[in-house]
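**Student:** Sharing a structure below in structure tokens format, with a few things to ask.
We did not get these values from a lab; they are worked out from the coordinates using the rules stated. Source: prediction; values computed, not measured.
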Amino acid sequence: MSVLEVHNISKSFGSTEVLRDISFTLDEGQSLAIIGSSGSGKTTLLRCLNFLEKPNGGTISVLGNVIFDAADPATQREQEIRRKRLHFGLVFQSFNLFPQYTALDNVTLAGKLLAKEWADYKQNKKAIFDEIEAQGRELLAQMGLADRAEHYPHQLSGGQQQRVAIARALALKPDILCFDEPTSALDPELTGEVLKVIRSLAEQNTTMIIVTHEMAFARDVADRVIFMDGGVIVEEGRAHDVIENPKEERTRQFLSRYAEH
């Protein structure tokens, strides 16, 4: 079953075309890795999916429902953006944790804010918050951070902060979990602990899109790989096929350059 269908997405900033006719699907339980050079459009694509940027053209459907159509203003109303974002959990490069909140508060904040809109919020506030906090602690434990729930971001290593960010993204039970270069801000010795968490999520059949520069990780963990260059999809296929035996010359050149570093 296709969880996500992206058709002909385009995005320009002024006269600069950053994405052009991007189309792909993602099935439930699949992990999709997106690779490519800096400036190829990978991050912009994730930002369009999460409505941090508005595409200039194309459609986005989740679970068979069109949630964005560039030709239909009704799908672009500002008041619906927050609801549409709930389909996508986004883990940023630089953690983006609130420094004034503990790890647990960072994980539970969005859920508590959304709970205020529930019909029974006033009558059951304590029970609702207790349940949200229990789920937050469970997610932190899943990340190996059960003993760090009351720590503030400055008291955590980069790898621990990124794991808190992953728990935060999972807290709202998104249909698709998106990672934007999740290890790029980490020292090499901390990269492994974050990749281990993502690998575990893949083994649990979490539906994921992972923008990454970790080629071996993409080959071994992702079901499929997309290679982007110049704002277009150059090649797409099974992870091992694309990375080990690319068909397109641009893909071969990129992987060759990457292997040299």
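**Student:** Using alpha carbons only, how many angstrom separate the centre of the stretch 17-83 from the centre of the stretch 162-214?
**Tutor:** What the calculation gives is 19 Å, centre to centre.
**Student:** What are the ³J(HN,Hα) values, in whole Hz, obtained from phi via the Karplus relation 6.51 cos²θ - 1.76 cosθ + 1.60 with θ = phi - 60°, for each residue of the stretch 163-173 in sequence order, with x given for Gly and Pro?
**Tutor:** With coefficients 6.51, -1.76 and 1.60, one gets 5, 4, 4, 5, 4, 4, 5, 6, 4, 8, 6 Hz.
**Student:** Now a separate question. Using only the alpha carbons of the chain, determine the length spanned along each of the three principal axes and report them from longest to shortest in whole angstroms.
**Tutor:** Here the spans come out as 60, 47, 35 Å, largest first.
**Student:** Continuing with the same structure: Residue 207's amide H: which non-local residues (gap 5+, or another chain) put their own amide H closer than 5 Å, with H modeled 1.01 Å from N in plane and none for Pro or chain starts?
**Tutor:** 29, 177
**Student:** Please list 3J(HN,Hα) in residue order for the stretch 141-154, calculated via the Karplus relation 6.51 cos²θ - 1.76 cosθ + 1.60 where θ = phi - 60°; whole Hz, with x for glycine and proline.
**Tutor:** For the stretch 141-154, the Karplus curve yields 5, 4, 7, x, 10, 4, 8, 10, 4, 9, 7, 8, x, 5 Hz.
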